[in-house]
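Down below is the structure, laid out as structure tokens.
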Amino acid sequence: MQEQESIIQTKSFDFATRVVRMYQWITKKHRIHSLADQVLRSGTSVGANVEEATGALTKKEFIAKIGIAYKEARETRYWLRLLGATDYLNDKMYGSMLADCQELIRILASIQKTSQRNVANQKLKG
């Protein structure tokens, strides 16, 4: 039986596929790789860390992996801003990618805070 994907799994995977397509477009159109490589690495790492968190054996491991995904999403936002500011991305692509990235950051921050609060509450109870 296949487990149902969470919203963050779906959104981070969809974002990663968009990052890969954006990378292909940038490297083909502009023939730059250094900045594109950075956003490819961090942008695809978000979903990979979410998947690792989903398979975590402990709550501590889950929180750590979600924390890494959050940091990677913030790094991706930086690279997107840089690509937009240097005109490697058009306004439409930049705005869309940035909005998706910021949504991931908000969701991951919420998951992280809720998980940390739940662990703290369990410690108080037991």
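The values are calculated or read from the model by the stated rules, or taken from the named source; none is laboratory data. On a predicted model such as this, the values are computed, not experimentally measured, just so you know. Counting neighbours? That spans all protein chains shown, and the Cβs are built from the backbone with ideal geometry, glycine included.
What residue, of SER42, SER96, is surrounded by 12 or more Cβ atoms within 10 Å (Cβ to Cβ) and over 13 Å from the mean Cα position of the chain (by Cα)?
Testing whether each residue is surrounded by 12 or more Cβ atoms within 10 Å (Cβ to Cβ) and over 13 Å from the mean Cα position of the chain (by Cα) leaves just SER96.
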Filtered residues of segment 84-126 (kept if part of a helix (DSSP H, G or I) and small (Gly, Ala, Ser)): GLY84, ALA85, GLY95, SER96, ALA99, ALA109, SER110, SER115, ALA120
Just to verify a result, which residue in segment 1-54, among those that are assigned to a loop (DSSP other than H, G, I, E, B) and among the aliphatic types (A, V, I, L, M), is modelled with the lowest pLDDT? MET1
Quick check on ASP87: is it modelled with pLDDT of 95 or more and exposed (fewer than 14 other Cβ atoms within 10 Å of the Cβ)? yes
Which of the numbered conditions does ALA73 fail, given that it passes all the others? Conditions: (1) over 17 Å from VAL20 (Cβ atoms); (2) of a type in the set (Gly, Ala, Ser); (3) crowded, with 17+ Cβ neighbours inside 10 Å. (1)
Every listed condition ((1) more than 20 Å from GLN112 (Cα to Cα); (2) touching a helix residue (DSSP H, G or I) at 6+ places or on another chain (Cβ under 9 Å)) holds for LYS28 save (2)
Examine segment 50-61 for a residue that is exposed (fewer than 15 other Cβ atoms within 10 Å of the Cβ), charged (D, E, K, R), without any contact (Cβ under 8 Å) to a residue 24 or more places away in the chain and closer than 14 Å to ARG18 by Cα, and state whether such a residue exists. no
With (1) touching a helix residue (DSSP H, G or I) at 6+ places or on another chain (Cβ under 6 Å); (2) assigned to a helix (DSSP H, G or I); (3) within 30 Å of ALA120 (Cα to Cα); (4) without any contact (Cβ under 8 Å) to a residue 40 or more places away in the chain as the list, and ALA64 as the residue in question, which single condition is left unmet? (1)
Condition check: on the phi < 0 side of the Ramachandran plot, surrounded by fewer than 15 Cβ atoms within 10 Å (Cβ to Cβ), assigned to a helix (DSSP H, G or I) and hydroxyl-bearing (Ser, Thr, Tyr). Does TYR78 satisfy that? yes
